[in-house]
Amino acid sequence: GAQRSLKASLEAAFEQLGTASLMLLVKDFVLLVCVALERAGYQVAPVIELLQGTQARYQALLSAQLQGQAAAAVEADVLGELEIRNEAQHMLSVAEYGLPWQLEGAAAGRHTQLSASGVPPLPYVAPFTCCVPEVLSLVRRYVIDSLAYLRGLHSPQELLPAVLHQRDRMLGKVLVEVLSFKARSVASEEMMRECMKVAANARALSAALDGLDDWTIQQARPDWAAIQVLVEVLSFKARSVASEEMMRECMKVAANA
């Protein structure tokens, strides 16, 4: 009876929440309550199942939020040239997101010497416009917010596939729709340069997907670095113990001699 009453109350509460941020707050609070109840000997599986059932609504709200933000960024872009003037700007707007500093095939037959840190000769004009890094920043924010809701509802092994699935669904729907709308808005002979810019933006975003995958994996497995450090510390300690043991054995041999 108590469980049914709690589930009914939670279902009603989640239906009234109109933003992803509010859903996240309630979900985290309910999970904390579940931890306390479970330690007290209560069964919380039905409540966890209810929370798992709210994921689709959360992702829909999060996608709608991203769509509005990405549409605003793309719409505000006048498709002018984006000049990269210094190394800091290159690292912040290009390298950080795995974006290409030139599109494949654009410099056929021409060799460009990169610096030791992989920076091309400066200044240069990026093969995309200013909305592209901004959109990728919004996508990263989506991934972080998506992971925040998925944590606690999925096992560590399930977390990465779950967030990749949600992210790819969003990219296939939201981002494609936003870019398509921009392309239609400049689709005329008088705006051929703008059409080419939109096409170049799409190519640049596509080229950045591998980097986005790597970044998403790092976000989904943030504890791996700590685990690696722990393993290295333990390994170092084991080697130290082994060395000390060998030293003692050598001293014994020397004493016997």
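Data overview
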| read-out | value |
| --- | --- |
| Cα shape, segment 49-199, gyration tensor, a/c 1.5 rule | oblate |
| Under Karplus coefficients 6.51, -1.76 and 1.60, residue-wise ³J(HN,Hα) of segment 133-147 in Hz, glycine/proline x | x, 5, 5, 5, 5, 5, 5, 4, 4, 4, 4, 4, 5, 5, 4 |
| Per-residue ³J(HN,Hα) for segment 169-184, Karplus 6.51 cos²θ - 1.76 cosθ + 1.60, θ = phi - 60°, Hz, x for Gly and Pro | 4, 5, 4, x, 9, 5, 5, 4, 5, 5, 5, 5, 4, 5, 5, 5 |
| Charge-dipole axis of segment 85-221 as Lys and Arg at +1 and Asp and Glu at -1 on Cβ define it, positive-most pick from ALA200, LEU122, HIS154 | HIS154 |
| Segment 1-144, accessible surface, carbon-and-sulfur percent (1.4 angstrom probe) | 57 |
| Accessible area per residue, Å², segment 26-169 with all protein chains present, probe 1.4 Å | 54 |
| Full-stretch length increase - VAL176, ALA45 - with 0.36 nm per residue and alpha-carbon distance subtracted | 43.4 nm |
| Where labels lie 7 Å past Cα in the beta-carbon direction, separation of GLN113 and VAL33 in nm | 6.7 |
| Per-pair calculated FRET efficiency, R0 = 35 Å: ALA64 and SER206 via Cβ, rounded to 0.05 | 0.90 |
| Karplus-derived 3J(HN,Hα), 6.51/-1.76/1.60, for each residue of segment 73-78, Hz, glycine and proline x | 5, 5, 5, 6, 6, 8 |
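The values are calculated or read from the model by the stated rules, or taken from the named source; none is laboratory data. Everything quoted here is computed from the prediction, not taken from an experiment. Note that we place each Cβ from the backbone using ideal geometry, even for glycine, and neighbour counts take in every protein chain shown. What goes into the accessible areas is simple: the full protein's heavy atoms, side chains included, and nothing from ligands, DNA or RNA. Shrake-Rupley method; radii C 1.70, N 1.55, O 1.52, S 1.80 Å.
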